[in-house]
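Below: the structure, in structure tokens.
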Amino acid sequence: METQNIYLPYLMQIDKVSEDAPFVKTFRLKFINPEDEANFSFQTGQFGEYSVAGVGESTFCIASSPTRKGYIECTFRKAGRVTTALSDLEEGNTIGFRGPYGNVFPIDEWKGKNLLFIAGGIALPPMRSVIWNCLDLRENFKDITILYGAKSVADLVYKHELREWDERPDVKLVTTVDPGGETHDWTGEVGFVPTILDKMAPKAENTIAIVCGPPIMIKYTFPILEKCGFADEMVYTTLENRMKCGFGKCGRCNVGKTYVCKDGPVFSLKQLKQMPDEY
Amino acid sequence: MERKLLTKDSYRSLITKLIGQNYQVVAPVKKDTMIDFLKISSFDEITEDYIVTVSSAKTVAFPRNEKLFDYEKQNKKLTQQDYDFDSIPQSVLIGVRPCDAFGFHSLSSIFCWDSIDKIYTTRLERTTIIGLSCNKADDYCFCTSAKGSPGSTAGSDILLTKMTDGNYIVEIVTEKGAKLVADFSDLFTADGGADKESLLAKVAANFSVDDVLAKINSKFEDEAFWTEQAMRCIGCGACAYVCPTCACFDIQDESHGGKGHRVRCWDSCGLSLFTLHTSGHNPRENQGQRWRQRLMHKFSYMPDRLNTIGCVGCGRCSRACPVDMNIAEHCMSIIEN
């Protein structure tokens, strides 16, 4: 739809719903208006505002890869008012989507490098976009390693995709659950993500590390990467802060003078270290 | 700058004609004990008995609640009715103090940062601002500390300065102002050469916002300082609501049955829920951090990112504050500490 109204969402039809973990769902969304689809493009790392009419908007990343055309996907946990309403919807329902907003993972700069993805819990979705983007351009990168952990086996999201990555000879996947979160047939690691990372002792040479997870995981992961010799500009993360607009006006998401919605959400550890502790 | 003269009788004629030509005329009106900007239907509703109005003039371009679009739900289908830009009226805003007029620069810098908020810009484009110089001020006023002055033309399309005989000096500031004067050229007469400066209120420049900017970044990590600054703050958000430059907003849905609209409404960084995550995590969890955000945004982030100042020295926040926090005093304390 031709509009000058930056607040007017695209109408999206829920094409597919999958339940990825308790309270966690993934929607595959298709543009209702073919013109919108034709004009839309995004890059990995970007986010959007998803809305249920009558309830409101909620901010999350685009969890699918831009290499997969014709749809976008989002994964969310039923937690607040909007995600609860979203979670009640089914295939065929219409929701609103505004975006894409924010900056991107600089994957062009990562050509010829090893990639180490480190994710925890519900933070795999933003990373899933960049993982698939890189896997779809597999020849551009050297070794790809994914370390993913969750509280328990049930809380691991995208289980079928984890299996797919596990079976690929060109991906090394390490999964872990927090102590006590394992089941009797669990064959992965047991331990917190930073502990397992420490055990893995990844080589920093020619390697980019991408870290997404709850603040506590991130806090303990950075020092281990540092210990392994990763320079701050070789480590990336994506920040989440409460937002309403997504384009630098509503005044919520800034960390000091840095706007997560415009300057982020993707930041290198070098940038992060220059920002105040306000996220 | 071109000057003209507008007699008090011609001023009455001008306003009456504008109302007659279906302009939305918004002016300071006394309502109960408060003076605020309201739509008027007759010249007699206007008052000039104010230093500043309680709320700022920003409502004309950035109303407290703005319907962004309408929607309707039927079974699984959702339809949206886009914002009707044609519904935005041609407006004339009367009696705007120079501080308020200057405030539109700050607002515009936010609403036009990369992505243009056409709702805001169209409202402002369709508004002609007739400023009114200040012939009195009070202890809360500090425009001269914030790059303004009681007779500043910045932000106005036309600036009026009232003379002792009740007539007005007219300064034509913008093309929009010139057009309005041309449209009613018979009402404006030749400038009599009166001395504008002598008619203006005197506002002492007790500090400079540049000195606040020079100092405030180094105070960011000083938690004790911000805790002390915000000791009295009850986080009511009144300061943001009356502020001519505060633009922070919330987006909410209002629904009646299957129909409704998405609404943009004023919000405030001083409110405790402003940055609260659904997880319970809050990046600005105490009032000191929230007060720091308010001052940093106005005196550091906006100059740094948008090349403008987020405060015009109108003093409204200080007048409205229920616990008597005075922003000028807080600025001076930043400079001194």
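Derivation of every value follows stated rules applied to the coordinates shown; laboratory data play no part. Keep in mind that this is a model prediction, so the values were computed, not measured. Cβ sites come from the backbone with ideal geometry, for glycine too, and all protein chains shown count toward neighbours.
Checking Cβ-Cβ separations below 4.7 Å across chain A identifies A:Cys61, A:Cys74, A:Cys134, A:Cys212, A:Cys228, A:Cys253, A:Cys261 as cysteines lacking any candidate disulfide partner.
The ranking of A:Val24, B:Val181, B:Val96, A:Val190 by Cβ neighbour count inside 10 Å, starting from the fewest, reads A:Val190, B:Val181, A:Val24, B:Val96. Model label points for A:Asn206 and B:Asp44, set 7 angstrom from Cα along the Cα-to-Cβ axis, are 8.8 nm apart. Of the Cα atoms belonging to chain A, the radius of gyration and Dmax stand at 18.3, 57 Å.
Taking every DSSP beta bridge that has both residues in the range A:140-279, what percent is antiparallel when rounded to the nearest 5?
30 percent
D by Stokes-Einstein for the range A:176-279, Kirkwood Rh over Cα pairs, 25 °C, 0.890 mPa s: 160 µm²/s. Residue order for B:Thr127, B:Thr308, fewest other beta carbons within 10 angstrom first, comes to B:Thr308, B:Thr127.
Exposure proxy shown here: for A:Arg163, A:Arg128, the number of other Cβ atoms within 10 Å sets the order, fewest to most, as A:Arg163, A:Arg128. Hey, what D do you get for the range A:107-238 in µm²/s if you plug the Kirkwood alpha-carbon radius into Stokes-Einstein at 10 °C and 1.306 mPa s? Once the numbers are plugged in, D ends up at 108 µm²/s.
A crude spin-label estimate for the pair A:Gln4 and B:Thr7, with each label 7 Å from Cα along the Cβ direction, gives 4.1 nm. For B:Asp183 and B:His105, a Förster radius of 30 Å and the Cβ-Cβ distance give a FRET efficiency of 0.75, rounded to the nearest 0.05. Checking every one of the GluC sites (Glu not before Pro) in the range A:1-110 against DSSP loop status and a limit of 11 other Cβ atoms within 10 Å picks out A:Glu2, A:Glu90. Altogether, the Stokes-Einstein calculation at 37 °C and 0.692 mPa s, with the Kirkwood radius of chain B over Cα pairs as Rh, returns a diffusion coefficient of 153 µm²/s.
Rg ratio for the range A:10-101: its Cα radius of gyration over 2.2 N^0.38 Å, N being its residue count, equals 0.98. Ignoring lysines fewer than eight residues from A:Lys257 along the same chain, the ones with Cα atoms less than 26 angstrom from its Cα are A:Lys219, A:Lys244, A:Lys249, A:Lys270, A:Lys273, B:Lys58, B:Lys118, B:Lys147, B:Lys215, B:Lys219, B:Lys298. Does the range B:154-259 classify as rounded, prolate or oblate by the C-alpha gyration tensor (a ≥ b ≥ c root eigenvalues; a/c under 1.5 gives rounded; else a/b over b/c gives prolate, otherwise oblate)? Oblate, since a/c reaches 1.5 and b/c is not below a/b. Take every DSSP beta bridge whose two residues both sit in the protein assembly as shown; close to 70 percent of them are antiparallel.
Modelled spin labels at A:Ser41 and B:Ala204, positioned 7 Å past Cα toward Cβ, are 6.1 nm from each other. The Cα atoms of the range B:92-178 give a gyration tensor whose axes a ≥ b ≥ c have a/c of 1.5 or more with a/b no greater than b/c, which makes the shape oblate. Listed by chain and number, the lysines whose C-alpha is less than 22 Å from the C-alpha of B:Lys77, apart from same-chain residues fewer than 8 away, are A:Lys16, A:Lys25, A:Lys30, B:Lys67, B:Lys259. Applying the criteria of a DSSP loop state and at most 16 other Cβ atoms within 10 Å to the chymotrypsin sites (Phe, Trp or Tyr not before Pro) of the range B:58-102 yields no site.
In chain B, helical runs assigned H by DSSP with n ≥ 4 each contribute -39500 (n - 2.57); averaged across all residues and rounded to the nearest 500, the mean residue ellipticity at 222 nm is -7500 deg cm²/dmol.
Classify the range B:68-215: rounded, prolate or oblate, from the alpha-carbon gyration tensor (a ≥ b ≥ c, eigenvalue square roots; a/c under 1.5 rounded; otherwise prolate if a/b is larger than b/c)? Because a/c hits 1.5 or more and a/b fails to exceed b/c, the range B:68-215 counts as oblate. Each principal axis of the Cα atoms in the range A:88-174 has its own extent, and those three values, largest first, are 42, 32, 21 angstrom. The value of relative contact order for the range B:177-299, using C-alpha pairs under 8 Å at least six residues apart, is 24 percent. Across peptide B:261-270, the average count of Cβ atoms from other chains found within 10 Å of a residue's Cβ is 3. For the range A:20-63 versus the range B:47-80, the inter-centroid distance based on Cα atoms is 27 Å. Note that the protein assembly as shown carries a Kirkwood radius of 26.9 Å, evaluated over its alpha carbons pair by pair. Considering only beta bridges that DSSP places wholly inside chain A, some 60 percent are antiparallel.
Given the rule -39500 (n - 2.57) for each run of at least 4 DSSP H residues, summed and divided by the residues of chain A, what is its mean residue ellipticity at 222 nm, to the nearest 500 deg cm²/dmol?
On the way: 7 runs with 62 residues, N = 279.
Calculated at 222 nm, the ellipticity per residue is -6000 deg cm²/dmol.
With contacts taken as Cα pairs under 8 Å and at least 6 residues apart, chain B reaches a relative contact order of 21 percent.
Out of the range B:230-337, which trypsin sites (Lys or Arg not before Pro) are coil in DSSP terms and have no more than 16 other C-beta atoms within 10 Å?
B:Arg232
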